[in-house]
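Participant: This structure is in structure tokens; I'll ask about it shortly.
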Amino acid sequence: MKKKLVLGATVAAVLTAGTFGAVSASASAPAAAPAAVVKADAKNKNTFDSTHLTIEAATKAAQATLDAAKKENQRVSVAIVDRNGNTILTMRGDGAGPQSYEAAEKKAFTAVSWNAPTSELAKRLTNAPTLKDIPGTLFLGGGAPVTAKGAPIAGIGVAGAPSGDLDEKFARAGVASLAK
């Protein structure tokens, strides 16, 4: 009888505490304030228009890049990134080395970041050797920027040929295909 009484008292205490906690939690929550209405004007001085490649254009440029490499019996990978350095498309050509995929992405990122071919940027390392320490970059020939109205909108990176000059030649073929 004593065990039942203790057990019953314990259950009653737990239920009371739970009920009290739930009531006090809901009672202490303040009422939600009415939401403020903010109107945004998209034509104000806080915004700007930006140009981006479509997936169709990126695919066209990547295929032109791979075709240019194939004409010279080179096995490469190509990557195309947007203005923010986000990968739009990466294609690993038949027989391209496993390292070429990542190198192509880094070259594309580097080209769009500085709006310059990576072969030119590699020359800058003589005066600024710490540039190569910036994460995600690769200062080797093979990257070319894509521009619209003088501003970079994408980068094409190529890797896998025996020289950065060849990689960059193929990247430029991809850029040129977008002008057609």
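Participant: Working carefully through the options Ala128, Ala103, find the one that is surrounded by 15 or more Cβ atoms within 10 Å (Cβ to Cβ) and either in contact with a Phe, Trp or Tyr (Cβ under 6 Å, 6 or more places away or on another chain) or of a type outside the set (Lys, Arg) (or both).
Facilitator: The match here is Ala103.
Participant: If you go through the stretch 131-141 one residue at a time, how many are more than 11 Å from Phe109 (Cα to Cα), surrounded by 18 or more Cβ atoms within 10 Å (Cβ to Cβ) and not aliphatic (A, V, I, L, M)?
Facilitator: Residues flagged as more than 11 Å from Phe109 (Cα to Cα), surrounded by 18 or more Cβ atoms within 10 Å (Cβ to Cβ) and not aliphatic (A, V, I, L, M) within the stretch 131-141 amount to 1.
Participant: Over 15 Å from Leu53 (Cα atoms) and in contact (Cβ under 8 Å) with a residue 40 or more places away in the chain - does that describe any residue in the stretch 125-135?
Facilitator: Within the stretch 125-135, none of the residues are over 15 Å from Leu53 (Cα atoms) and in contact (Cβ under 8 Å) with a residue 40 or more places away in the chain.
Participant: Turning to a different aspect of this structure: Out of all the residues in the stretch 98-118, is one or more more than 25 Å from the chain's Cα centre (by Cα) and either more than 30 Å from Ala151 (Cα to Cα) or at pLDDT 75 or above (or both)?
Facilitator: no
Participant: Please verify whether the stretch 137-159 includes one or more residues that are of a type in the set (Gly, Ala, Ser) and within 14 Å of Gln63 (Cα to Cα).
Facilitator: Taking every residue of the stretch 137-159 in turn, at least one turns out to be of a type in the set (Gly, Ala, Ser) and within 14 Å of Gln63 (Cα to Cα).
Participant: Further question on the same structure: Quick check on this structure: which one of Val112, Val146, Val81 is surrounded by 14 or more Cβ atoms within 10 Å (Cβ to Cβ), β-branched (Val, Ile, Thr) and in a helix (DSSP H, G or I)?
Facilitator: Val112
Participant: Considering each residue of the stretch 160-172, count those that are crowded, with 20+ Cβ neighbours inside 10 Å, within 23 Å of the chain's Cα centre (by Cα) and in a helix (DSSP H, G or I), and give that number.
Facilitator: 4
Participant: Restricting to the stretch 26-78, give me the number of residues that are part of a loop (DSSP other than H, G, I, E, B), within 23 Å of the chain's Cα centre (by Cα) and either closer than 30 Å to Ser163 by Cβ or modelled with pLDDT under 60 (or both).
Facilitator: Residues that pass the stated criteria total 2.
The values are calculated or read from the model by the stated rules, or taken from the named source; none is laboratory data. What you see is a predicted model, and the numbers here were worked out from it, not measured in a lab. We place every Cβ from the backbone using ideal geometry, glycine too, and count neighbours over all the protein chains shown.
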